[in-house]
1. State which residue is farthest from the chain's Cα centre (by Cα) when the search covers only segment 333-356 and only residues that are within 16 Å of the ligand (Cβ to nearest atom) and under 20 Å from Gly287 (Cβ atoms).
2. So, in segment 25-42, of the ones that are within 25 Å of the chain's Cα centre (by Cα) and of a type in the set (A, V, I, L, M, F, W, C), which residue ends up surrounded by the most Cβ atoms within 10 Å (Cβ to Cβ)?
3. Tell me yes or no: at least one residue of segment 103-111 is in a helix (DSSP H, G or I) and in contact (Cβ under 8 Å) with a residue 12 or more places away in the chain.
4. Would you check if Ala187 is without any contact (Cβ under 8 Å) to a residue 40 or more places away in the chain, within 21 Å of His105 (Cβ to Cβ) and touching a His at 6+ places or on another chain (Cβ under 9 Å)?
5. Can you tell me which residue among Leu175, Leu184, Leu142, Leu194 is under 19 Å from Glu610 (Cβ atoms) and in the same structural domain as Leu18 (by TED's automatic domain parsing)?
6. Has segment 381-400 got any residue that is within 12 Å of the ligand (Cβ to nearest atom) and closer than 19 Å to Asp598 by Cα?
7. Restricting attention to segment 403-418, and to residues there that are open to solvent by less than 10 Å² (accessible area, probe 1.4 Å) and within 9 Å of the ligand (Cβ to nearest atom), which single residue is farthest from the chain's Cα centre (by Cα)?
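The values are calculated or read from the model by the stated rules, or taken from the named source; none is laboratory data. Bear in mind that the values here come from a model prediction, so they are computed numbers and not experimental data. Don't worry about glycine lacking a Cβ; one is built from the backbone with ideal geometry, like all the others, and counts go over all protein chains shown. The area values use the complete protein model at the heavy-atom level, side chains included, leaving out ligands, DNA and RNA. Shrake-Rupley method; radii C 1.70, N 1.55, O 1.52, S 1.80 Å.
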Amino acid sequence: MCGIIGYTGLEEATPILLDGLEQLEYRGYDSAGLALFTPGGSLQRLRAKGRLSALRDRVREQAESGADLRGTAGLGHTRWATHGEPSERNAHPHRSANGLYSIVHNGIIENFEALRAEMEAEGVAFTSETDTEVVAQLLEKLDTGDARETLRRTLPHLEGSFALGILYHSEPGVLYCARRQSPLLVARSQSGTLLASDAAALLPHTRSIFRLEDGEMARLTAEGITFFDGKGNETAKSPIEAARHVTAAEKGAYAHFMRKEIDEQPEAVRRTLEPLLRSRQLQLGEGERALHDPGDIHRMIFLGCGSAWHVGCVGRIIAEELCGIPASAELASEFRAQKSAINSHTLCVIVSQSGETADSLMALRLAAECGARTLSIVNVEGSSIAEESDCVLFTKAGLEVAVATTKAYSTQLAVIYALCARLAQLRGTWSGDSLAAFLHGLTALPDQIEETLRTCEAPAIAWAQELAANEHAYFIGRSLDHAAALEGSLKLKEISYIHAEAYAAGELKHGTISLLESGTPVVGVCCRQSVTAKTKNNLEECAARGAKLFCLTNDTALRLPRQILLPRCHTLLATSLSVLPMQLLAYKCAELRKCDIDKPRSLAKSVTVE
Ligand code: G6P
């Protein structure tokens, strides 16, 4: 996934590149680097292993030693390792053997081993273990003296995905870029032009942003941008509607973005529901198009990765119950691994915070190829998934910075509720009092989220104090409570590194119960009224084997050990409340274990490789 930034213009490039990388660091943070044209026209490079702060330190040291990294055109990169360990020599930018080309790359070159072997046999000396370096070496090998033509000839040799930023040593002040499958944006600012893998790095400079399409290339100078198609022909472009509401996020008084984002959930859900549910009337705007001829929808598939897939697990249950449509939630990466029986009677709902997750994007494309209706639930305007699906419902979570999602997840749930209820209404499977009760519950949800956050903090801290020293934990629940348990366990393992597994409560006795020992923590979610009695039995089975129980319920009659009592809500909406103490539990455990909460090791917020 990695973050890419480039600038050419009238200003000093280093601060612009470093600040851009700061915005992009969530995409990867194991090493970072810069390459710049010096005023004399030569190429200078600086790289450092670790967080961006390590690169900043190197830049500062260099300045103090009098060897300033000066220049008004260059590229920056923050890496999430795919090939080759995180190290300075594997950090981007990568350079060709004779220094003709310096490049930054996001994506994976799948045939890099063959290309490397071929060039090594020809005597080319490689200096890194990355797939990226083959691109720099291949550009040099195929160099025609015209970088644009060289690039056009080189790209067809590459298999896999890429967003590339390129400096050609014979053209100081010029940046080239190209993309296939990985996102890349270019922009014009007052002082020059920029490229970046994400709008967040461009928005402080400009709103005049252009999306490079698959197979396109661009040439950036201080004066302007020229776009080319794969044949090298110039093309014209219009700017995109880039995330109007995105502003640089500040932590304020909070120690971490995640904690702040947890607290932002009531407002984010309120904002998301506002256009969908006015005066208790459902209206999906653009989303209505995906629901035309509702009787013709014979199957629904929710697609996503990570937490977005967990949202799909909730959607699957609600769609079946409300709309009477056979539904499944599929991991986007798995969806593509085999042939699915989908066609024009299938509605595929792609859930993605970033709108750029490669697996989800590829799943969307496959669904579209099969003729399915595609509707996406996305947080980032102008993102690839939002642009490519038939229609999109935006979550209004605002910029989410912490890698572990909280407010985006909650807003995705809110959209799923509105979507399923509207479809049920249109299909006539749900009307009258039941629908009115659901919409009443949905209207009350933001306030209930607020109330839950207020009342759950203290008990979640108490839970964390008992749980944080463990290395394993289990989360169990049935139906929607199982979907919530999946998210609760992911939150805990993502940020506190406690191994946590979610199990359907009834399935525990078919295997995992053998792992329970005296004191093993088991978090039980008992909020779906129809199944709480059964889950309670499963919890008792765990306790009988020595497990330490931590229970979430909204049923005052249950009386479970270490019980957190949640507000009573509509039974189909309970996930939105039960997830909250589990978010807080994960956060507090990570804090007690002194983990890097906003940037957990090896993870990245936007995963643009398959
Ligand atoms: C990454 C993140 C997860 C996230 C998943 C899907 O793996 O670490 O937290 O749920 O990507 O991201 P998306 O942007 O598609 O929702």
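1. Applying the first criterion (within 16 Å of the ligand (Cβ to nearest atom)) to segment 333-356 yields 333-336, 348-356.
Applying the additional criterion that residues be under 20 Å from Gly287 (Cβ atoms) yields 348-355.
On the way: Cys348: 19, Val349: 16, Ile350: 13, Val351: 10, Ser352: 7, Gln353: 5, Ser354: 5, Gly355: 7 Å.
Across segment 333-356, the extreme among qualifying residues is Cys348.
2. Just the residues of segment 25-42 that are within 25 Å of the chain's Cα centre (by Cα), to begin with: 25-34.
Still in the running and of a type in the set (A, V, I, L, M, F, W, C): 32, 34.
On the way: Ala32: 32, Leu34: 28.
Once the filter is applied, the top-ranked residue is Ala32.
3. Step one: filter segment 103-111 for residues in a helix (DSSP H, G or I), giving none.
No, the conditions are met nowhere in segment 103-111.
4. Against the criterion (without any contact (Cβ under 8 Å) to a residue 40 or more places away in the chain, within 21 Å of His105 (Cβ to Cβ) and touching a His at 6+ places or on another chain (Cβ under 9 Å)), Ala187 qualifies.
5. Working: Leu175 fails: under 19 Å from Glu610 (Cβ atoms); Leu142 fails: under 19 Å from Glu610 (Cβ atoms); Leu194 fails: under 19 Å from Glu610 (Cβ atoms).
From the options Leu175, Leu184, Leu142, Leu194, the qualifying one is Leu184.
6. Taking segment 381-400 as the starting set, the residues that turn out to be within 12 Å of the ligand (Cβ to nearest atom) are 383-386, 395, 397, 400.
With the extra rule that they be closer than 19 Å to Asp598 by Cα, the set shrinks to 397, 400.
Yes, segment 381-400 contains at least one residue that is within 12 Å of the ligand (Cβ to nearest atom) and closer than 19 Å to Asp598 by Cα.
7. This residue is Gln412.
Every residue, every condition in (1) under 30 Å from Lys493 (Cβ atoms); (2) open to solvent by 40 Å² or more (accessible area, probe 1.4 Å); (3) at pLDDT below 95, yes or no:
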{"residue": "Ser279", "(1), (2), (3)": "no, yes, yes"}
{"residue": "Gln283", "(1), (2), (3)": "no, yes, yes"}
{"residue": "Met300", "(1), (2), (3)": "yes, no, no"}
{"residue": "Glu320", "(1), (2), (3)": "yes, yes, no"}
{"residue": "Lys339", "(1), (2), (3)": "no, yes, yes"}
{"residue": "Ile350", "(1), (2), (3)": "yes, no, no"}
{"residue": "Thr374", "(1), (2), (3)": "no, no, no"}
{"residue": "Ile377", "(1), (2), (3)": "yes, no, no"}
